[in-house]
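Asker: Below is one structure. I have some questions about it.
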Amino acid sequence: MEEFDIIGQPLPKVDAVNKVTGATPFADDLSLPRMLYAKLLGCHHPHARLKAIDTTQATALPGVVAVITGADLPVKYGIIPSSQDETGLAGDKGRFVGDPIAAVAAVDEETAERALELIQVEYEALPAYLSIEEALDQKGEPIHDSGDQGNIHKLVSLEYGDPQAGFSQADYVRDDTFFYQGNTHLPIEQHAALAHYTADSRLTLWSSTQTPHYVHRLLSKALGIPMSRVRIIATPVGGGFGGKCDLFGHEIAAAKLAMITGRPVKITLTREEVFYTHRGRHPVLMWVKTGVRQDGSITAMHFKTFLDGGAHGSYGIASTYYTGALQTVTYKIPAYKFDGLRVFTNKPPCGPKRGHGTPQPRFALEVQLDKIAEALGLSPVDIRRRHLVEENSHTVNHLRITTCALDECLDKVVKASGFREKHRQLAYGRGIGLACGSYLSGAGLPIYWNDLPHTSVQIKLDRGGGVAVYCGQADIGQGSTSVLAYTVAEVLGVGLDHIQLTVADTDLTPIDLGSYSSRVTFMMGNAAIQAAEKLKALLLEAAADMLELPVGALAARGGRIFCVDDERRSVPFEQAVQRAEAQHGALVAMGSYTPPKLAGPFKGSGVGPSPAYSYSACAVEVNVDPQTGEIKVEKIWIAHDCGRAINPLLVEGQIEGGVYMGLGEALMEEQSFRRQQHKSPSMLDYKSPTTLETPEIETLIIERPDPGGPFGAKEAGQGPLLPVPPALANAVYDAVGVRIDEIPITPEKVLKALDLKRQGKAARVGPKGIPNVTFPKPVWVEPHSGAPKLEAE
């Protein structure tokens, strides 16, 4: 591989010292003179018309400065242009328990909380729908009047090639149903925002957000203020994982209260309110039918998904498409049909959680592959390894594959874990499972379609050798700010101490669309390289004049520009900057990145395309106690194809974070409800792994540089989660011979399956069927010419 000074080195994050010493100011740490504190009143019913809200007593309470309701925020908005179904505070009716319906600003939080108790609300209870089945069997007023029909938010049906011909040519066809329970992000930092409205009618909002640009656009709409009068500053984020990608009611309420009072207003959600804000993993019911030949090659696949979307659209249309889009980018599938349905329910809205819409179908696909392998007498390794997608190819649904090191990922994991030697060979109660996955390196299209760059980076050089870098990206803990510094420093040949960073401020930084879909390293990195290369060219030209050498004879490294044949002939970086400024004026350059146009020729093709896909393989070894059903994970091996590791230390951290989160989803995490209320809206009750439940993780970084990525890099933040839940499910089956076809896999489910096994019944726990829904006639799409072909036998 090419030699670098900074790229590829296990360096600390550039903000590490401030974070570990507590010097980093998060949103709730901020304070301004005369600041007020705001609190939200949540709806007490899962579905109820708001007949009247009386705020008289609350307004009269000493210390209360302002009270607002949904009547003060009537404008509808939504992150997806076709799902404009939210308002800052609910005005017509509450759609889930905790749905914000009023907000109070007071001199302190205690006064604001007392004021909430004085607000009198008259409700008219409406039928509540708490599951996919209840939403489809709607027996009363629907949750919204804007869906495809009733409580159905979105219906999708797409067909690529000829699945019926594929099934007819198969030697073996099976169908299975699976369920993946919803769960939440559980960031350490709660959502918080501080708004300040000045006398000259300018609004500034500091917020813990992953998407300052989208918040900028939507807050302007929700408040009726021109974007030019709104400034969004994304504060350092103490965990996001997709949960801070929307514009939220607390942000709008803080801004509106600041406008009314003329004073800064801060609002920090309680942990319970974070659970209600949600936007987490969709519960998804799935039906999968797959046809294969005797060697395990897939001839056709039909995938149906039913998503429980919660009370609002959020990213749900994209989520629906994502549950069907990426099945084709790991294994060759010559014919494919996808039916997807998302319903509204009276629960907190679902949205994008790490892996957005793809862990659920990946669980179903990878578990079914193991079932097929067993039926055909094949190894779980071979049924995958023999039929991987090829590099520089296209899938049947028009997705472009560039580099794919899944073969190497599989080989390394299988060898490191001893999978072939252990599978079906361990003592009863012990087992090992395998699964693969893939994910985007950024979405190919923005949330709102346009031809503008997805990200831009500006660099300014000063005469003392300082390098000021500006970008709208938001670092949510994954280290994107550090990646920005690494890439610029590498290109210019300076140390990290030369770099000053200004990020995520819509007044000061050029636009970046946000930290979602694992897009930042790939897209921001390319933009940063482009801007730095422009300046480097000017510096080399200036140094060439000073050294009386041709530009092609020079290189930049270690804070100097020197002759590659005689490094003694050199000039310091800052002197080259001064000469270049004398020749060209102020040294400022802009770099931008727009993905290539990759969408297919059909509606819905905007979800799925990416400049590059990452790949992962995972093995999980477990010990299952047949007396208690308890699952102890002994070790996890994970190999991830990240293109090139910009910083292997950060890549390893991202991979292990994904494994940890996938393990929690597989074993215990669930956003469950009882008596129409959230069952566990606290960190005491919501189960998530601690260090005690987290096993040894052996991380294998696979580097196969992608030609489109910055220095060859691809994503590493979300993809490694995907193979963990199915690998664990397959390991449980290997250990005790029972199939748990739903997530999470709890001891109770294991015991139930073992009991069925003892009774001679099917040793399986999982959904028994799917709703009887008539999907629309599928949109038929001619397979891409470069896709796998359905060959006649």
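Asker: Take the Cβ-Cβ distance between Leu61 and Asp382 as r, set R0 to 51 Å, and report the resulting FRET efficiency rounded to the nearest 0.05.
Answerer: 0.10
Asker: Per residue of region 334-341, what does 6.51 cos²θ - 1.76 cosθ + 1.60 with θ = phi - 60° give for ³J(HN,Hα)? Whole Hz please, x for Gly and Pro, Karplus curve as stated.
Answerer: Each residue's phi maps through the Karplus curve to give x, 8, 8, 10, 10, 10, x, 9 Hz.
Asker: Now a separate question. Using Cα-Cα distances under 8 Å and only pairs 6 or more residues apart, what relative contact order does region 487-638 have, in percent? If you can, show how the numbers build up before the last one.
Answerer: Values: 170 pairs, mean separation 29.6, N = 152.
With pairs under 8 Å counted, the relative contact order is 19 percent.
Asker: Quick one: if you stick a label point 7 Å off each Cα along the C-beta vector at Phe775 and Asp295, how many nm between them?
Answerer: Computed distance between label sites Phe775 and Asp295 equals 2.9 nm.
Asker: I need the shape label for region 1-108. Rule: rounded when a/c is under 1.5, else prolate if a/b > b/c, else oblate, with a, b, c from the alpha carbon gyration tensor.
Answerer: The shape class here is oblate.
Asker: Sticking with this structure for a sec: Using a 1.4 Å probe on the protein heavy atoms, what percent of the accessible area of the chain belongs to carbon and sulfur?
Answerer: Carbon and sulfur: 50 percent of the exposed surface of the chain.
Asker: Search the structure for amide H atoms under 5 Å from the amide H of Tyr331, placed 1.01 Å from N in the peptide plane, and list their residues when 5 or more places away or on another chain.
Answerer: HN-HN under 5 Å from Tyr331: Val389.
Asker: Then there's this: What does the accessible area per residue of region 342-442 come to in Å², with a 1.4 Å probe and no ligands, DNA or RNA counted?
Answerer: Per-residue value: 28 Å².
Asker: Listed highest first by mean packing, meaning other Cβ atoms within 10 Å per residue, what order do 515-521, 443-449 come in?
Answerer: For the peptides 515-521, 443-449, the packing ranking is 515-521, 443-449.
Asker: Quick one: if the Förster radius is 35 Å, what FRET efficiency do Val107 and Ala71 give, using the C-beta to C-beta distance and rounding to 0.05?
Answerer: Efficiency at R0 = 35 Å is approximately 0.90.
Asker: Next up: Please list the helices of the chain that count as membrane-span-like by this rule: a mean Kyte-Doolittle hydropathy of at least 0.0 together with Cα atoms stretching 24 Å or more along the helix axis, each helix being a complete DSSP H run. Before the final figure, lay out the partial values.
Answerer: Working: long enough: 359-376 (25 Å, -0.04); 520-547 (38 Å, 0.86); 648-667 (28 Å, 0.65).
Qualifying helices: 520-547, 648-667.
Asker: Given a Förster distance of 56 Å, report the FRET efficiency between Glu3 and Ala427 from their Cβ-Cβ distance, rounded to the nearest 0.05.
Answerer: With R0 = 56 Å, the Cβ-Cβ based efficiency is 0.70.
Asker: Select one label from [x] 1.11; [y] 1.04; [z] 0.97: the one whose number is Cα Rg over 2.2 N^0.38 Å as derived from the coordinates shown.
Answerer: After the calculation, the listed value that fits is [z].
Asker: Grab the DSSP H runs of the chain that are 4 residues or longer, score each as -39,500 (n - 2.57), total them, divide by all residues and round the 222 nm result to the nearest 500 deg cm²/dmol.
Answerer: Using -39500 (n - 2.57) per qualifying helix, the result is -8000 deg cm²/dmol.
Asker: Lys337: accessible area at probe 1.4 Å, nearest 10 Å²?
Answerer: Solvent-accessible area, nearest 10 Å²: 40 Å².
Asker: How much length would be gained if the chain were fully extended between Glu133 and Glu548, taking 0.36 nm per residue of separation minus their Cα-Cα distance, in nm to one decimal?
Answerer: Full-extension gain reported as 141.7 nm.
Asker: For region 488-552, what's the relative contact order in percent, using C-alpha pairs closer than 8 Å and at least 6 residues apart?
Answerer: 35 percent
Asker: Also: What does a probe at Asp175 reach in region 283-312, counting residues whose amide N is under 16 Å from the point 7 Å along Cα→Cβ?
Answerer: Those under the cut-off are 285-292, 300-306.
Asker: Now for a different question. Ranked highest first by the average count of other Cβ atoms within 10 Å around their residues, in what order do 189-195, 471-477, 757-763 fall?
Answerer: 471-477, 189-195, 757-763
Asker: Something else: Roughly how far apart, in whole Å, are the Cα centres of region 124-191 and region 642-687?
Answerer: 22 Å
Asker: With a 1.4 Å probe and all protein chains kept in place, how much accessible area does Cys642 have, in Å² rounded to the nearest 10?
Answerer: Here the accessible area works out near 0 Å².
Asker: Starting from the Cα of Ser785, move 7 Å in the Cα-to-Cβ direction to define the label point; list residues of region 401-417 whose amide nitrogen is under 18 Å from there.
Answerer: Answer for this model: 401.
Asker: Using unit Cβ charges (K, R positive; D, E negative) and no other charged atoms, how large, in debye to the nearest 20, is the dipole of region 331-399 about its Cα centre?
Answerer: With only Lys, Arg, Asp and Glu charged at Cβ, the dipole is about 320 debye.
Asker: Ranking request for peptides 102-114, 81-93, 21-33: highest mean number of other beta-carbon atoms within 10 Å first, then the rest in descending order.
Answerer: The packing order, highest mean first, is 102-114, 81-93, 21-33.
Asker: Still on this model: Normalising by the residue count of the chain, find the relative contact order in percent from Cα pairs under 8 Å and 6+ residues apart.
Answerer: Reported as a whole number, the value is 16 percent.
Asker: On to the next question. Starting from the 7 Å offset along Cα-to-Cβ, what nm value, one decimal, do you get for the label separation of Glu541 and Asp462?
Answerer: 2.5 nm
Asker: Sticking with this structure for a sec: Assuming 0.36 nm per residue, please report the length gained on full extension of the stretch Asp565 to Ser201 beyond their Cα-Cα distance.
Answerer: This chain segment gains 125.0 nm when fully extended.
Asker: Put Asp512, Asp507 in order of accessible area, largest first, 1.4 Å probe: what do you get?
Answerer: Numbers: Asp512 0, Asp507 75 Å².
Ranking Asp512, Asp507 by accessible area, largest first, yields Asp507, Asp512.
The values are calculated or read from the model by the stated rules, or taken from the named source; none is laboratory data. Please read these numbers as outputs of a predicted model, since none were measured by experiment. Positions of Cβ are backbone-derived with ideal geometry, glycine not excepted, and every protein chain shown enters the neighbour counts. Heads up: the accessible areas ignore ligands, DNA and RNA and are worked out on the full protein's heavy atoms, side chains in. Shrake-Rupley method; radii C 1.70, N 1.55, O 1.52, S 1.80 Å.
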